[in-house]
1. Could we say that LEU99 is modelled with pLDDT of 95 or more, surrounded by 11 or more Cβ atoms within 10 Å (Cβ to Cβ) and more than 23 Å from the chain's Cα centre (by Cα) here?
2. Restrict the check to the range 105-125 and report whether at least one residue is buried (at least 17 other Cβ atoms within 10 Å of the Cβ), part of a loop (DSSP other than H, G, I, E, B) and within 20 Å of the chain's Cα centre (by Cα).
3. Search the range 54-96 for residues being within 23 Å of LEU132 (Cβ to Cβ) and in contact with a Pro (Cβ under 6 Å, 6 or more places away or on another chain), and hand back the single one that is surrounded by the fewest Cβ atoms within 10 Å (Cβ to Cβ).
4. Out of (1) more than 14 Å from VAL96 (Cβ to Cβ); (2) of a type outside the set (Val, Ile, Thr); (3) not assigned by TED's automatic domain parsing to the domain that holds GLY74, the odd one out for HIS173 is which?
5. Residues being touching an Asp or Glu at 6+ places or on another chain (Cβ under 8 Å) and either in contact (Cβ under 8 Å) with a residue 60 or more places away in the chain or among the aliphatic types (A, V, I, L, M) (or both): count how many of those fall in the range 40-70.
6. Name the residue that is surrounded by the most Cβ atoms within 10 Å (Cβ to Cβ), counting only residues in the range 126-165 that are among the β-branched types (Val, Ile, Thr) and in contact (Cβ under 8 Å) with a residue 40 or more places away in the chain.
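The values are calculated or read from the model by the stated rules, or taken from the named source; none is laboratory data. Everything quoted here is computed from the prediction, not taken from an experiment. Cβ placement follows ideal geometry from the backbone for every residue including glycine, while neighbour counts extend to all protein chains displayed.
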Amino acid sequence: MAKRQADRGTNRPRRQRRWAVVVAALVVIGAGVGYFAYRAAADLPGMKTADQGNRHVQNGESHEAYNTEPPTSGPHLPYIAPWGVHARPVQPELQVHNLEDGGVVVQYNCECPELAEQLKKVVQGYDKYVILAPYPSMKTRIALTAWTRIDTFDDFDERRIRRFINAYRGIDHHR
């Protein structure tokens, strides 16, 4: 009996070391997972914007101003615009519902048939959840919008556009 108690006493530091190693390994693994989750979120394309909710409004009903132009969330109509290429601007309250339903809207601000054709070729590569339309009042030539995300720039960059579309297309945002 005395020998057994003596053996337990000598094993205690060994068990404590084992537990310390296990705890240290879990801390390292947790830190690694946290770091990679942070990097994944930090590397998302576009700029994050405040969520203005998803309240339905009727056509012509007044509502609070959008916090971005073009909009990325907020009051919208209870129906969506057809996916694909549009020759005329899509009403902001309509495009916001497309964003809520997992859409990405690619818009341009110029009389630039060459740019419009380049953008059209990109958008036509997607069967659903992407819209291309002019947006005459924005300050840059190109804007990409998704729910609470926006990227604006002036020069055509196919890789940047596809990265944005692929990151956000098809993600539903109904609450």
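1. For LEU99, the condition - modelled with pLDDT of 95 or more, surrounded by 11 or more Cβ atoms within 10 Å (Cβ to Cβ) and more than 23 Å from the chain's Cα centre (by Cα) - is not met.
2. No, that holds for no residue.
3. Per the stated criteria, the residue is PRO89.
4. Condition not satisfied by HIS173: (1).
5. Residues that pass the stated criteria total 5.
6. The qualifying residue surrounded by the most Cβ atoms within 10 Å (Cβ to Cβ) is THR145.
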